[in-house]
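Report on one structure; see the data block that follows.
The values are calculated or read from the model by the stated rules, or taken from the named source; none is laboratory data. Being a predicted model, the structure only gives us computed values, none of them experimental. All Cβ positions, even for glycine, are placed from backbone atoms using ideal geometry, and neighbour counts span all protein chains on display. Accessible surface is based on the protein model in full, side chains and every heavy atom, while ligands, DNA and RNA are left aside. Shrake-Rupley method; radii C 1.70, N 1.55, O 1.52, S 1.80 Å.
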Amino acid sequence: MEVGASPAILSIEAAEKLVKKQLAYGFEYSGLAFFGNKLYASCNLGLLEIENASPTKLYQWTKSDSVVEGPWLDRANGLLWVWLIGTDQVANYDGKSWKTMRMPEPRAGFSRGNILEGFRGIGNSRTFWLEGAWHAWAWNPKHSNWNDERIPPALRAGLRSDPILRRLVPTDDALQFVMLRDVELSHSDSQVPRKQKGDAIYYSDDSWHEVTNKSHFVFFAEQTVSTGKTGYVRSSRGDVLEVTTNGIVKLDCPGKCEALAVTSSNSLAASFHNLGVYAFNSQWELLFKAPYPSTEDKYWAHLAESAGEIALSLAPRGHLVGDKRVYDSTASIWVFNRQRLEQVPFAKAPQSK
């Protein structure tokens, strides 16, 4: 695929035909973001555009490998970003046109180990970052390229011999780095404190500082978001951690967190498994109950908000039956407009007669 190439635009009718073929192999959503009064959902067929809870078009960069990851909202530069996995490129959208470019690469190149966890975009009011392959790059809008941000050797103290950058937490007063101190293993809750060190968070102000873990617990970061003043981490166990340079605090939560989002008013929203979507302002407030069946278990969830409108997506992970992966449910998106909750009419499984 050529750098600068624009995606093909498929009608919803054409997209639905592709979905019917894909359902047998597993149709998945991998992210959500509002941009320009529309909702965008990445999936393994491309990027779906949704308006007023109705799908309007599907962007597809290549037919042979159409999987898209993201989308990520770049508030600093007024852009929407996606990662085009099959082409090793990223693309941004300014509301009028798409631009594609080669994704940044570590000086030592990619390896199987450092690319396995994929890439993620995150930003604050000043900068947008692409994080992955144990590196982070800041977007330079003036020169339309990426600035390489490397973790200094000073961070090696107290960490494993080869520290791994897992996530970024870009707050207004510091760019914080979530670093892996040991390999995540499967142990019971009682064994974890003795067996594992978990992640640590660092920031620099001429010298490097470790953010104090005030709750003294082991965590592995699964997702990070920033409201500007404060960063939040969703752990692999479903905990929500509040992060500032003053320390890491584990929040009291109504249940297991499955997705976080930053609202347009710079506050936190979260979806809790089998409970619903909540807003956080010193305490949790239920916005709407979980729209999926309580039997739903293993899936990926994503959350987005804009001007009071909230979108929640679920994608089943599937399970092996013999040598075949089976999906017990279909990926879905719901949109809540403060008064009514609607399911987006796309990719629905055919009803049995």
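Residues in the stretch 285-298 that are out of contact with any Gly (no Cβ under 7 Å at 6 or more places or on another chain) and assigned to a loop (DSSP other than H, G, I, E, B): 8 in all. Taking the conditions exactly as written (in contact (Cβ under 8 Å) with a residue 12 or more places away in the chain and not in a strand (DSSP E or B)), does residue 225 satisfy them or not? No; evaluated as a whole, the condition is false for this residue. Look at (1) small (Gly, Ala, Ser); (2) without any contact (Cβ under 8 Å) to a residue 40 or more places away in the chain; (3) open to solvent by 10 Å² or more (accessible area, probe 1.4 Å); (4) part of a loop (DSSP other than H, G, I, E, B) and you find that residue 279 fails only one, number (4).
Applying a threshold of 9 Å to beta carbon distances and a minimum spacing of six or more residues, or different chains, the list of pairs starting in the stretch 4-25 at a residue that is of a type outside the set (D, E, K, R) and ending at one that is open to solvent by 50 Å² or more (accessible area, probe 1.4 Å) and in a helix (DSSP H, G or I) reads 10/18.
Here residue 245 clears all of (1) open to solvent by 40 Å² or more (accessible area, probe 1.4 Å); (2) out of contact with any Lys or Arg (no Cβ under 8 Å at 6 or more places or on another chain); (3) under 22 Å from residue 213 (Cα atoms) except the condition numbered (1). Candidates in the stretch 299-325 are the residues that are modelled with pLDDT of 80 or more and in a loop (DSSP other than H, G, I, E, B); of these, the one that is nearest to residue 287 (Cα to Cα) is 308. A single entry from 51, 131, 69 fulfils the requirement of being among the charged types (D, E, K, R) and farther than 21 Å from residue 222 by Cβ: 51. Within the option set 88, 94, 74, being open to solvent by less than 70 Å² (accessible area, probe 1.4 Å) and of a type in the set (Asp, Glu) holds for one residue only, 74.
Between 66, 30, 6, the distinction of being among the hydroxyl-bearing types (Ser, Thr, Tyr), assigned to a loop (DSSP other than H, G, I, E, B) and more than 21 Å from residue 144 (Cβ to Cβ) belongs to 66 only.
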